[in-house]
Each structure stands twice: as structure tokens, then as C-alpha cells.
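Enquirer: Dropping a structure here in C-alpha cells format, bear with me for questions.
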Amino acid sequence: MQAAGILGTGSYLPEKVVTNQDLEQVVDTSDEWITTRTGIKERRQARPDQATSDLCLEAARQALADANTGPEEIDLVIVATVTPDMMFPATACLVQDRLRASGAAAFDLEAGCSGFMYGLALASQMIATGSLRKALVIGAETFSRIINWEDRGTCVLFGDGAGAAVVGPVPEGLGVLSFYLGSDGEGGKWLYQPAGGSRLPASAETVAGRMHTIHMHGNEVFKYAVRVMEEASLTALSRCGLTPREVDFFVPHQANIRIVEAARKRLDIPPEKAFLNIHRCGNISSASIPLALDEASKAGRMHFGDTVLLAAFGAGFTWGAAVLKWAK
Ligand code: ACO
């Protein structure tokens, strides 16, 4: 089997910053409430003319340059997102076209905030079995388009942005050592966007009822996320014979500071080994982990050969964890 790992990363955050003080003008909330309950101070918002594919493109171009890879070398483009440009065609196809990655297959992957983890696992396995050589795995969201700006329980949490990784062959012993993916569809009712699909197609009633926005029961999500991020991490680590003590760097999905901190403490990983950008970005779902990886890589937080643990949890419910030997 060919070892597969991350050859390069890229990310993009829209320029517009929305602070907690800005949100105080929109809903009945406070900087103090948002900061203590979520850790978020600000998040980014895409321009009206920017769709998810535009964010993808910026991150993808950076990742290709970082991996010293031309678009013609990419065999597969995966875009993990819950906010595609449109229902179809896939956002990944729009990105494939604009990148001129003419030899690549392309599809979208919808696994909530775990989407990048699912994409990384899939791409690395296809490379391992020789089905393809290089893949571009992107996580991107324009959450600002599906937020109910009258719901203070959700509008303060989410941000827009993109992260991308070029996944390809690496020397034996490096790259993705193991992963673990899971789901529990019973949790679907706690975090969802009710309308716009075949169950409730768009109508005047669904728009008036704000059914095209995020609906969330925060407490249920919170409890499940803490437990599962720990369990998924331990399972992925055990699959490659490692323990949390051997982790050099932890990149958790940036859902909420309390979820991340609870998972980190349960795993007994010291705070200096964990990456946090939630205060600047909010929760960017599928983009969260690739964006964090890119920022951590560029900040020199990960070194060649480091054992890196990734863990995510999201709508579905879905979850995933992966252990990597950093190959850059
Ligand atoms: N500002 C002020 N008050 C608020 C706000 C706000 N923005 N939002 C809710 N409140 C109020 C509620 O109305 C409630 O008031 P009440 O007691 O008078 O009824 C009170 O605060 C407490 O509400 P809770 O929902 O119990 O607050 P909680 O401590 O659970 O925090 C939160 C809410 C932050 C949403 C938390 O449940 C959470 O983080 N859950 C996980 C959410 C998440 O991360 N989702 C995404 C993860 S999965 C994924 O990434 C897709």
C-alpha cells in the first residue's frame, strides 16, 4: 500500500470581520455571553458576490502552490460543505473547472462539520490502493447565507471561510497512519436545515418560516460532541498503536471553546499542544480543520515527523478522527 499524506495546505478567510459588538446591534446578546459560552470574539463574512466555490478557489490555489503541484496533477477534487453554491452541479465541479484540473473527478461531500475528515480518509485510501495519485480535499462554508439573524442561539456561532489540502503519496511511515469515522442519524434532529430539499421544497411558506436557516438544539449537540470527540480520537489512536501521550499536536474541530477544551482535557493533552482559532473564526464547519491545519503549518506549530491528531464532530450526527505523521 502506498502511504498517503498532506503535501500542502491553503486557506481563505473573507475580509469582513463581524465582532461580538456588531452582533449586539442585531440580537439581544453580549460580548460577555458569547465569549464565556463559546470562546468566539469575531468571525468572517463573505461578500454578497462570493459563493462557497469562490472561497474554495482561493484556498485550493494556495494549497497547490504549497504542495508544488499543478492542477493537471490532481485526479480528484472533493469539496466538503453544507453550504454549496447550489443544489447541483456540485461545488467541486465548479472548482475543478475554474482550477483547470481537467483530469480530475469531482464531487461534494456532505458530512456536516466532519466533512473534511471524511474526505481526507477517502482520498488517502484511494491513494493507498493506487486508484489515484493526488487529490485536492477542500472544506468550505458560507454560513452567513443560512443563518437566522433573529436567532441569538445560532447566529453568534458560525463563520465563513475555506481550507484545502493536497493529499498525495508520501514516504512509508509518514502521512495518514489511521482514521476512524462514525455517524448516528438519530442526532439529525438536533442540528439541521429543514427546507430546500425534497422533503420541504422552497416555497413562500418555507421562506416566511425561516426554514432555510440553521436549526439547532445547542445542549444536545454539546453533550454528544464532547463524548464523541474523545472516543473517536482514542479509537483512531489505538488503530495505529498510539496513546494521547504520544500526540505532538492536536487539531480539533473549532466548534466551541468548551467542547474543544473538554475533549482536550479528557484526552489529557496539554493546552500548548492544541490549536485554537475559534476566537477569530467562529465555527466554520467543514472548513474548520483544514483552515486550522494551514494556519498551524504556516505558524511553524507542526514539524516534520510530528504525530498530529485531528478530531471532528458535526451535523448528522457525524464524527471522525485521524492520526497523521506530518510529512511537510
Ligand atoms: N446571547 C445571550 N443569551 C443567549 C444567547 C446569546 N447569543 N443564546 C442563547 N442565550 C440564552 C438562552 O436563551 C437561554 O436563556 P434562558 O435561560 O432565559 O432560556 C440561556 O442563554 C442559556 O441557553 P442555553 O442554550 O442553555 O446555553 P448553553 O450554555 O447551552 O450555550 C450554546 C448555548 C453556546 C449554543 C451551547 O449549547 C453550545 O455551544 N452548543 C454546541 C453548539 C455547537 O457547537 N454547534 C455546532 C457544533 S457541531 C457543528 O460544528 C456543526
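Any read-out appearing in this document is the output of simple, stated calculations on the displayed coordinates, not a laboratory observation. If you're wondering where the values come from, they're calculated on a predicted model, not measured in any experiment. Backbone-built Cβ (ideal geometry, glycine too); neighbour counts: all protein chains shown.
Enquirer: Rounded, prolate or oblate for the chain? Axes are the square roots of the Cα gyration tensor eigenvalues, ordered a ≥ b ≥ c, and the cut-off for rounded is a/c under 1.5.
Expert: Numbers: a/c = 1.63, a/b = 1.24, b/c = 1.32.
Oblate.
Enquirer: Measuring from centroid to centroid over Cα atoms, what is the spacing of segment 105-132 and segment 149-184 in Å?
Expert: Computed from Cα coordinates, the inter-centre distance equals 11 Å.
Enquirer: Sticking with this structure for a sec: In the Gaussian network model of the chain, springs joining C-alpha atoms below 10 Å, which of 108, 268, 160 carries the largest mean-square fluctuation?
Expert: Answer for the Gaussian network model of the chain: 268.
Enquirer: May I pose another question? Below 8 Å, C-alpha to C-alpha, sequence gap of six or more: please give me the relative contact order for the chain in percent.
Expert: Normalised by residue count, the contact order of the chain is 26 percent.
Enquirer: Which percentage, to the nearest 5, of the DSSP beta bridges contained in segment 176-325 is antiparallel? Numbers along the way, then the final one.
Expert: Values: 17 of 22 bridges.
Looking only at bridges with both residues in segment 176-325, the antiparallel portion is about 75 percent.
Enquirer: Give me the percent relative contact order of segment 230-328, please, defined on Cα pairs under 8 angstrom at least 6 residues apart. Before the final figure, lay out each step's value.
Expert: On the way: 150 pairs, mean separation 34.9, N = 99.
Relative contact order of segment 230-328: 35 percent.
Enquirer: Another question, if that's okay. So for the chain: antiparallel DSSP bridges make up what percent, rounded to the nearest 5? Walk me through the numbers before you get to the answer.
Expert: Values: 38 of 55 bridges.
So the antiparallel bridges amount to about 70 percent of the total.
Enquirer: What share of the DSSP beta bridges in segment 1-140 is antiparallel, in percent to the nearest 5? Each step should come with its number before you reach the end.
Expert: On the way: 4 of 15 bridges.
So the antiparallel bridges amount to about 25 percent of the total.
Enquirer: For a footprinting-style exposure proxy, rank 142, 243 by other Cβ within 10 Å, fewest first. Before the final figure, lay out each step's value.
Expert: On the way: 142 29, 243 11.
Ranking 142, 243 by Cβ neighbours within 10 Å, fewest first, gives 243, 142.
Enquirer: For residue 245 and residue 131, calculate 0.36 nm times their separation in residues minus their Cα-Cα distance, and state this gained length in nm to one decimal. Write down the numbers at each step before the final one.
Expert: Values: separation 114, 0.36 × 114 = 41.04 nm, distance 3.44 nm.
Taking 0.36 nm per residue and subtracting the Cα distance, the gain is 37.6 nm.
Enquirer: Using the structure shown, list the pairs from 265/328; 223/328; 16/134 with a Cα-Cα distance above 30 Å, or answer none. List each step's numbers first, then the result.
Expert: Numbers: 265/328 28 Å; 223/328 35 Å; 16/134 33 Å.
With Cα atoms farther than 30 Å apart: 223/328; 16/134.
Enquirer: For Cα pairs less than 8 Å apart in space and 6+ apart in sequence, what is the mean separation divided by the residue count of segment 4-173, i.e. the relative contact order in percent? Provide the component values of the computation, followed by the final result.
Expert: On the way: 373 pairs, mean separation 58.0, N = 170.
After rounding, I find 34 percent.
Enquirer: What is the distance in Å between the Cα centroid of segment 255-328 and that of segment 1-79?
Expert: Spelled out, the Cα-based centre of one part sits 14 Å from the other.
Enquirer: Ok, one more. Starting from the 7 Å offset along Cα-to-Cβ, what nm value, one decimal, do you get for the label separation of residue 15 and residue 268?
Expert: 4.9
Enquirer: Under a Cβ-Cβ cut-off of 14 Å, what is the net charge of the residues other than residue 296 that fall near it, where Lys and Arg count +1 and Asp and Glu count -1?
Expert: Working: positive: 273, 280, 298, 301, 328; negative: 66, 248, 272, 294, 295, 306.
Taking every other residue near residue 296 into account, the sum is -1.
Enquirer: With a 10 Å cut-off between alpha carbons and a GNM built on the chain, which of 137, 221, 27 moves the most?
Expert: Fluctuation is largest for 27.
Enquirer: Next question. Given the -39500 (n - 2.57) contribution per DSSP H run of 4+ residues, what per-residue ellipticity at 222 nm results for the chain, rounded to the nearest 500 deg cm²/dmol? Don't skip to the end; give the middle numbers.
Expert: On the way: 11 runs with 108 residues, N = 328.
Counting only the DSSP helices, I get -9500 deg cm²/dmol.
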